[in-house]
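None of the figures in this text is laboratory data; all of them are computed from the coordinates on show. Keep in mind it's a predicted model, so treat the numbers as computed, not measured. Glycine gets a Cβ as well: all are built from the backbone with ideal geometry, and neighbour counts include every protein chain shown.
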Amino acid sequence: MSSSLHDRVLQTLGREIIDGTLPPGTVMIAEDLESRFRVSRSVIREAIRVLESIGLVASIKRVGTRVQPKSRWNALDPQLIRWRLASQEQGAQLRSLTELRASVEPSAARLAATHAPEEIAVLLLELVAQMRNAATAGDRVTFTELDIEFHRHVLRCSGNDMFASLDSAIAEVIRGRTEHGMMPKHPSQATLARHEGVARAIAQHQPDLAQDTMAQIMDRTTEELSSVWADSPRTFS
């Protein structure tokens, strides 16, 4: 029960901060939150702790908890990404992460083709085969999870720990596309062929081909999603 109460408070406050219901500078008082949600101080304290870890709020001694500006948010936190994809921030969030992916993933594929151990290359080919089966069956949920694993392994087998640390953020945006109806029921054969091309290039230690083919995947992703963020202004800190 305590866990569900904590989650209710966390989800509500997180979404209200993201959508501007609680704008930057708003001070939240623990006693007021206890009364509003009808929960104990410990439940409020735990929810605030999580919001602080994401950078959405900061505790001010003898004042309360202050909502932070967007520039202080931990932009790569998976929970924050989830909230933004379900809000009016969806377009801006998709654009930011897609541009990040387009910059990073081709380089990660190139490094993987140079450094990945043989067993990882074999695993990538197996994942592509499973993706084909899920696509044929129209199983978008399974396809999405396999796609996440594919991109996670490319990032990790790049041998670059900074690239690997992006896997959770990228997983959220891939998963979010399915949850918010932005993935086709049957992925195109061209998309599947490009994933297989990346896997084979890594297995055959062809860095140029791995990089170019991953870039094609990201170009296609950008093309598919660009209409979603067409009217979303860019943020300049």
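Decide, for the range 58-111, between rounded, prolate and oblate: order the square roots of the alpha carbon gyration tensor eigenvalues as a ≥ b ≥ c, take rounded if a/c falls under 1.5, and otherwise choose prolate if a/b is larger than b/c, else oblate.
Because a/c hits 1.5 or more and a/b exceeds b/c, the range 58-111 counts as prolate.
Give the long-range amide H neighbours of MET28: residues separated by 5 or more places, or on another chain, with amide H under 5 Å away, using H modelled in the peptide plane at 1.01 Å from N.
THR65, ARG66, VAL67
Against the longest principal axis of the chain, how steep is helix 2-18, in degrees 0 to 90 to the nearest 10, with axes from Cα atoms?
Approximately 80 degrees, to the nearest ten.
Can you sort PHE143, PHE163 so the residue with the fewest Cβ neighbours within 10 Å comes first?
With the sparsest Cβ surroundings first, the list reads PHE163, PHE143.
Give the calculated FRET efficiency between THR21 and THR235 to the nearest 0.05, with a Förster radius of 22 Å applied to their Cβ-Cβ distance.
0.70
Between SER87 and LEU125, how high is the FRET efficiency from 1/(1 + (r/R0)^6) when r is the Cβ-Cβ distance and R₀ = 45 Å? Nearest 0.05.
0.75
How large is the convex hull of the Cα atoms of the range 2-72 per residue, expressed in Å³ as a whole number?
Output value, Cα hull per residue: 77 Å³.
Would you mind working out the magnitude of the charge dipole of the range 78-225 relative to its Cα centre, with +1 at each Lys and Arg C-beta and -1 at each Asp and Glu C-beta, to the nearest 20 Debye?
The calculation lands at about 300 debye.
Note the per residue figure in Å³ for the convex hull of the C-alpha positions in the range 173-216.
It is 77 Å³ per residue.
Quick check for you: which residues of the range 110-130 have the amide N under 16 Å from the point 7 Å beyond the Cα of ASP208 toward its beta carbon?
Label zone hits: 110-111, 113-114.
Could I have the simple spin-label model distance between LEU76 and ARG45, label points 7 Å from Cα toward Cβ, reported in nm to one decimal?
For LEU76 paired with ARG45, the spin-label model returns 3.1 nm.
Determine, from the Cβ-Cβ distance of SER35 and HIS180 and an R0 of 25 Å, the FRET efficiency 1/(1 + (r/R0)^6), rounded to the nearest 0.05.
Computed FRET efficiency for SER35 and HIS180: 0.15.
Classify the range 138-230 as rounded, prolate or oblate, taking a ≥ b ≥ c as the square roots of the eigenvalues of its Cα gyration tensor: rounded when a/c is under 1.5, otherwise prolate if a/b is larger than b/c and oblate if not.
Cα axes put the range 138-230 in the prolate bin.
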